[in-house]
Amino acid sequence: VQLQASGGGLVQAGGYLTLSCAASGLKTSNYNMGWIRQAPGKEREFVAAIRRSGSATYYTESAKGRFTISRVNMKNTVYLQMNSLEPEDTGVYYCAADQGLWNRAALPSEYEYWGQGTLVTVSS
């Protein structure tokens with residue numbers, strides 16, 4: 001199983017980025033897919049998740065209204081559109097796959113498979 005995250009970079013506050021997560025070795029349609037970030041010196045923090053059926057999404061409070069998670073099952077790819085970026089959004093963003101219950105999708109410990117991460121840096 002491989003989850004290849006890409007799309008990170010350096011952006012000014014107020015800017016935008018789109019992260020992609022291309023999966024191989026699993027079908028993303030069979031998994032709840034999530035984005036989890038880790039800021040320097042901090043623990044991993046849940047950002048967003050999309051249900052395996054695609055019928056529901058969930059965001060951490062700070063991401064609501066600014067970030068959008070989506071999936072294209074035909075491409076086995078999950079996206080995170082991030083708008084109005086803030087310096088507090090800086091960190092390594094990981095995509096992850098979870099076969100468990102949707103109501104636990106906000107817990108990073110629930111995810112079985114992880115990508116290598118892509119670095120997002122937001123300057124003030």
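The values are calculated or read from the model by the stated rules, or taken from the named source; none is laboratory data. This one's a predicted model, so the numbers in the text were calculated from it and none came from an experiment. Cβ atoms come from the backbone with ideal geometry, glycine included; neighbour counts cover every protein chain shown. Side chains are part of the model used for accessible areas, which takes the heavy atoms of the whole protein and leaves out ligands, DNA and RNA. Shrake-Rupley method; radii C 1.70, N 1.55, O 1.52, S 1.80 Å.
If Lys and Arg each add +1 and Asp and Glu each add -1, what is the summed charge of the other residues whose beta carbon sits under 15 Å from the beta carbon of Leu17? Once positives and negatives cancel, what remains is -1.
Taking all protein chains as present, what is the carbon and sulfur share of the accessible area of the chain, in % to the nearest whole number, probe 1.4 Å? Let's see the in-between values first.
Numbers: 3060 of 6300 Å².
Using a 1.4 Å probe with all protein chains present, the chain comes out at 49 percent carbon and sulfur.
Treating r as the C-beta distance of Val1 and Ser84 and R0 as 30 Å, the FRET efficiency rounds to 0.35.
Around Gln116, under 15 Å between beta carbons, what's the net of Lys plus Arg minus Asp minus Glu among the other residues? Its environment carries a net charge of +2. Largest first, the residues Tyr59, Tyr93, Tyr113 sort by 1.4 Å accessible area into Tyr113, Tyr59, Tyr93. Over the chain, with the other protein chains present, what is the accessible area per residue in square angstrom, probe 1.4 angstrom? For the chain, the per-residue accessible area is 51 Å². What net charge do the residues around Val1 carry, taking every other residue with its C-beta under 14 Å from that of Val1, with Lys and Arg at +1 and Asp and Glu at -1? Neighbour charge sum, excluding Val1 itself: -1. Counting only the backbone N, which residues of segment 88-124 are under 19 Å from the spot 7 Å out from the Cα of Gln12 toward its beta-carbon? The answer is 88-90, 120-124, whose backbone nitrogens lie closer than 19 Å to the label point. Based on the Cβ-Cβ distance from Ser123 to Val72, what FRET efficiency comes out when R0 is 41 Å, to the nearest 0.05? Approximately 0.85, to the nearest 0.05.
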